[in-house]
Amino acid sequence: MSILVNLQGLPLSIIIVPVNKNDSTLYIPTIKNFNIKRPVGRPVNRPSKVTADAMYDTAKIRKYNRKRGIKANIPVNKRNRKKRKRERPIKVDHEEYKKKSIVERFFSWIESCKKVFPRYEIKETSYLGVVMVAAIIRVNELLG
């Protein structure tokens, strides 16, 4: 499961896939799934800034973010770098990176729901429905 949340912990995009998929391969589909409709004008279809773990430090993700104009706050994964690169260093805002715990709190809240944590549903669409109901309950708690 890959989730994009805002700074308040509200889910913006959810992708459900089999458990054996690497999370870094879910980054681009999660960002592409992001779509907020507005009453007037075009919908917002890309976040302005993304903070993610070092496991999302791949050339493909960095290129995608640059192409779409998304500011990325992703630290360098030292395991991906065999040799030191001679190009511009990647800057990470550590104060902004600390806010990444919002995602971890959302995951722990989702996992506290009795039906979501042990994955009983066989089909991904039915599991997505259960996760969406849990997310709706979470949004109602935060906003109401």
Could you grab me the full set of residues in the range 10-21 that are surrounded by fewer than 16 Cβ atoms within 10 Å (Cβ to Cβ) and under 13 Å from the mean Cα position of the chain (by Cα)?
-> LEU10
Please determine, by comparing only the residues of the range 57-69 that are touching a Lys or Arg at 6+ places or on another chain (Cβ under 9 Å) and either under 21 Å from GLU104 (Cβ atoms) or surrounded by fewer than 10 Cβ atoms within 10 Å (Cβ to Cβ) (or both), which one is modelled with the highest pLDDT.
-> GLY69
Quick one: ASP53 ticks every box in (1) over 27 Å from LYS123 (Cα atoms); (2) loosely packed, with under 13 Cβ neighbours inside 10 Å bar one, so which box is it?
-> (2)
Just name the residue that is farthest from PRO47 (Cα to Cα) out of those in the range 4-30 that are touching a Leu at 6+ places or on another chain (Cβ under 8 Å) and of a type in the set (Val, Ile, Thr).
-> VAL17
Are there any pairs with C-beta distances below 8 angstrom linking a residue in the range 100-116 that is surrounded by 12 or more Cβ atoms within 10 Å (Cβ to Cβ) and aromatic (Phe, Trp, Tyr) to a residue that is modelled with pLDDT under 85 and part of a helix (DSSP H, G or I), with the two at least 6 apart or on different chains, and if so which?
-> PHE106/ARG138; TRP109/ARG138
Could you give every pair whose Cβ atoms fall below 7 Å, whose first residue belongs to the range 23-49 and is under 20 Å from MET1 (Cβ atoms) and free of Cβ contacts under 8 Å to residues at least 40 places away in the same chain, and whose second residue is part of a loop (DSSP other than H, G, I, E, B) and of a type in the set (S, T, N, Q), counting only separations of at least 6 or pairs across chains?
-> SER24/THR58; PHE34/ASN45; ASN35/ASN45
Just give me the residues in the range 32-50 being in a strand (DSSP E or B) and surrounded by 14 or more Cβ atoms within 10 Å (Cβ to Cβ), in sequence order.
-> VAL50
What residue, of ASP93, ASP23, is modelled with pLDDT under 90, farther than 25 Å from LEU142 by Cα and out of contact with any helix residue (DSSP H, G or I) (no Cβ under 8 Å at 6 or more places or on another chain)?
-> ASP93
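The values are calculated or read from the model by the stated rules, or taken from the named source; none is laboratory data. Remember, predicted model here, so these are calculated numbers, not experimental data. Positions of Cβ are generated from backbone atoms using ideal geometry, with glycine treated the same way; all protein chains shown enter the neighbour counts.
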